[in-house]
Every structure is written in structure tokens, then in C-alpha cells.
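Reading through the C-alpha cells given below for one structure.
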Amino acid sequence: MWSRRLLLIAAPSLAAPRVARAAYPDRPIRVIVPFAAGGNTDILARILTARMAERLGVTMVIENRAGAGGSVGAELVARATPDGHTLLFGAGGPLTANPVLQARLPYDVERDFRPIGLVGILPMVCQVTPRLAARSLPELLALMRARPGQVTVATPGNGSAAHLALELLMANAGVRASHVPYRGGSAMIPDLINGAVEAALVELPSAYPLHRDNQAPIIAIATEQRSPLLPSVGTFIEAGLPGFTAGSYGGLLAPSGASPEVVARLHAALAATLGEAAVLSRIAEVGAIPSSESQRSPDGFAAFLRQELTKARRAAELAGLRPA
């Protein structure tokens with residue numbers, strides 16, 4: 001368990017071999033983003049590393065390794081030398097959804113990674129094509145009840161955080177829709193605008209530009225409180241779905257063999273970077289919710305990951321999804 005391992009690294013055995021050296025970091029740090037450049041996870045990673053690198057005194061190089069819903073990049077880090085010079089900027093796909101939906105995952109999240117800190121949460125929203133009459137979540141749910149299994153709802157892909165959110169929505173609301181998975185959030189934008197698909201569940205940073213430009217209105221957000229970016233848009237909870245929250249996230253992890261010195265150095269730099277008002281403002285500007293102070297710690301991030309995995313398992317169980 002993470003909690004046990006995180007306690008152990010605070011008091012390392014004198015007999016244990018140390019991978020890290022006092023000079024850490026002594027060369028550029030690779031930060032693996034397990035998705036294509038320009039996506040929400042990539043944006044969060046670049047906001048963090050631009051300032052965090054200055055605190056560490058070395059370059060932090062973003063390396064995009066997309067594939068298998070994020071599993072390709074995550075496996076690369078899980079197998080990397082645990083010297084702190086290869087890190088993962090993890091997200092809901094490889095760390096939460098894939099362990100539930102992929103039967104032969106080439107890594108174990110708790111066994112193979114050492115959480116450093118959560119950076120931000122990417123809340124899920126529901127948006128609709130401008131051609132659809134529904135302009136609120138209750139209206140969309142009513143349409144799904146009137147046309148069971150016929151209303152098309154896009155997500156960025158099978159097994160994505162949005163896919164799990166859709167399954168949980170349908171289970172909680174007692175409705176059925178036709179899931180239309182795409183290969184990434186940007187791929188579904190043209191079809192949403194022209195009405196080829198009627199609605200979408202997607203992370204707020206991807207959806208907001210279309211909403212702002214009146215191309216595809218956002219009708220609900222899956223957070224506890226309304227977003228300052230969308231003060232007139234109600235939450236799923238307000239629409240009659242108690243406790244319904246959903247989204248992805250971005251956070252920094254090291255391979256599990258990273259030393260206590262490496263973990264402490266990275267956490268200190270991450271926490272200090274996220275303490276800067278300019279960095280927090282930039283995270284909020286792109287539609288993400290900055291992590292809380294407790295979530296920025298290794299223990300706090302580990303607890304957050306456990307909670308997210310529990311929610312994902314519940315969503316999959318309610319939807320009848322099985323690992324494949």
C-alpha cells in the first residue's frame with residue numbers, strides 16, 4: 001500500500017543501496033506525458049514544469065508518449081531507472097481508468113509508482129451541439145428517456161475518464177444513450193459542432209473554447225460547486241444527481257524505487273511552484289481546479305488516487321463494464 005511505503009521512505013535503512021546522489025538532479029529531467037502534445041494533461045504539465053525546473057536548477061523536458069489510453073507512457077516510467085530523472089505526469093486514464101478496464105495492464109499503479117503531488121483537477125462537463133433543443137442537463141436526460149439508446153454522446157475514447165463518467169451518469173439517472181468514442185477530445189469537435197453527435201462528456205479545458213465562442217454550449221459541470229469560469233452553468237448535483245462529481249487530473253509521480261531524497265526534493269519544488277499565485281492563476285485560466293495544499297503532498301496524492309480508483313471501480317460495476 002502507498003501509505004505503508006510512504007512511511008517507510010521517511011526512515012530509510014542505512015543498509016539499503018541508494019540510487020540517488022547528493023547532487024540530484026545533476027542532468028535534465030524527462031517528464032513523460034502519456035498523451036499527445038496540446039491536450040489538457042500536456043498543458044498542465046507544461047505550466048508546472050516551466051517554473052518547477054527553475055527551482056530544481058535543471059531543464060525539465062516534456063516527452064509525449066501517447067498510446068493505449070496512456071498506458072504506453074506510464075509503462076515507460078514504471079520501467080525507468082528510479083533515479084529521479086524520468087518522471088510521469090499522470091492522469092485519470094493510465095492511473096484510474098486503465099487499472100479498471102484493461103485486463104493485462106503492464107504496470108501496477110500502487111506497486112510501480114511513487115506519488116509526488118497532485119497539480120490540478122480537470123472537471124468533466126456536458127456540452128451539446130447547438131442544433132439540439134436541450135439547454136440544460138434535465139432537458140437532455142428527458143430527451144434520453146424519450147429516445148432510449150438513441151441520443152449520441154461523444155467521449156474522447158473507450159475507457160477514458162469521460163467514458164466512465166458517462167456510464168456512471170446513465171446508471172445514476174436511469175437513462176441510456178449511444179456512446180460514441182473518439183481518439184482524443186479534439187477529434188470529436190467537428191462532429192459536435194455540426195450535429196453528427198448530439199452531446200459530449202469532456203474535460204472543461206477542451207470544452208470551454210467552444211462554449212465561449214457559442215459553437216457548443218456547456219449545459220452542466222460535474223463539480224461540487226459551480227465554476228468561476230461558468231457561473232451560469234449548473235452542476236450535475238443541481239440537476240438532481242446527488243454527489244455526482246467526475247473529471248480527470250494531472251499529477252507528478254516517480255518510479256517506485258525513487259529514494260527518499262529524490263521524493264523530498266521533487267515534492268519541495270512542486271509545492272513551492274504551486275504556491276505561486278501566477279502558477280495557480282494560469283491553472284485556473286485553462287479551466288482546471290488547482291489542487292489543495294494537502295493533495296500536493298505524496299501522502300495526499302496517494303489518498304486521492306485511491307479515492308479515484310474506488311470511484312472508477314464503482315462506475316464500471318454499475319455499468320457492467322469488464323476488463324478487456
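A few remarks follow.
- Accessible surface, per residue, of the range 186-324 when the full set of protein chains is kept, probe 1.4 Å, Å²: 43
- Only protein atoms count toward the accessible area here, which uses a 1.4 Å probe; on the chain, the carbon and sulfur part of that area reaches 54 percent.
- Inter-label distance, residue 110 to residue 324: 2.7 nm, where each label sits 7 Å from its Cα along the C-beta direction.
- Sum of side-chain charges, residue 209 neighbourhood, beta-carbon under 15 Å (Lys, Arg +1; Asp, Glu -1): -2
- Amide H to amide H, with H built 1.01 Å from N, residue 229 comes under 5 Å of no residue 5 or more places away or on another chain.
- Converting phi to 3J(HN,Hα) with the Karplus coefficients 6.51, -1.76 and 1.60 and the offset θ = phi - 60°, the range 285-295 yields 4, 8, x, 9, 9, x, 5, 6, 4, 5, 5 Hz in sequence order, with x at every glycine or proline.
- For residue 248, the residues 5 or more places off, or on other chains, whose built amide H falls under 5 Å of its own are 122, 124.
- Nonlocal amide H pairs with residue 113, under 5 Å, H built at 1.01 Å: 256
- Length-normalised contact order for the range 189-294 - Cα pairs under 8 Å, 6+ apart - percent: 19
- Rg/Rh for the range 75-194 stands at 1.07; both radii use Cα atoms, and Rh follows the Kirkwood definition.
- The Stokes-Einstein estimate for the range 213-262, based on a Kirkwood radius over Cα pairs and taken at 37 °C with 0.692 mPa s viscosity, is a diffusion coefficient of 238 µm²/s.
- Note on the chain: Kirkwood hydrodynamic radius from all Cα pairs is 20.1 Å, rounded to one decimal.
- Longest DSSP-loop-exposure-free segment, trypsin sites (Lys or Arg not before Pro), the chain, at most 13 other Cβ within 10 Å: 184-324
- Dimensions of the range 13-158 based on its C-alpha atoms, expressed as ranges along the principal axes with the largest first, amount to 67, 35, 24 Å.
- Using θ = phi - 60° and Karplus 6.51 cos²θ - 1.76 cosθ + 1.60, couplings along the range 93-102 (whole Hz; Gly, Pro as x): x, x, 9, 10, 6, 4, x, 8, 10, 9
- Overall Cα dimensions of the range 179-324 - principal axes, largest extent first, Å: 53, 41, 31
- The GluC sites (Glu not before Pro) found in the range 262-306 that occupy coil by DSSP, while having at most 14 further C-beta atoms within 10 Å, are 276, 293.
- Neighbours of residue 193 by Cβ distance under 14 Å: Lys/Arg scored +1, Asp/Glu scored -1, total -1.
- GNM top mover of 241, 266, 105 - the chain, alpha-carbon springs below 10 Å: 241
The values are calculated or read from the model by the stated rules, or taken from the named source; none is laboratory data. Predicted, not measured: the structure shown is a model, and the values here were computed from it. We place every Cβ from the backbone using ideal geometry, glycine too, and count neighbours over all the protein chains shown. Accessible surface is based on the protein model in full, side chains and every heavy atom, while ligands, DNA and RNA are left aside. Shrake-Rupley method; radii C 1.70, N 1.55, O 1.52, S 1.80 Å.
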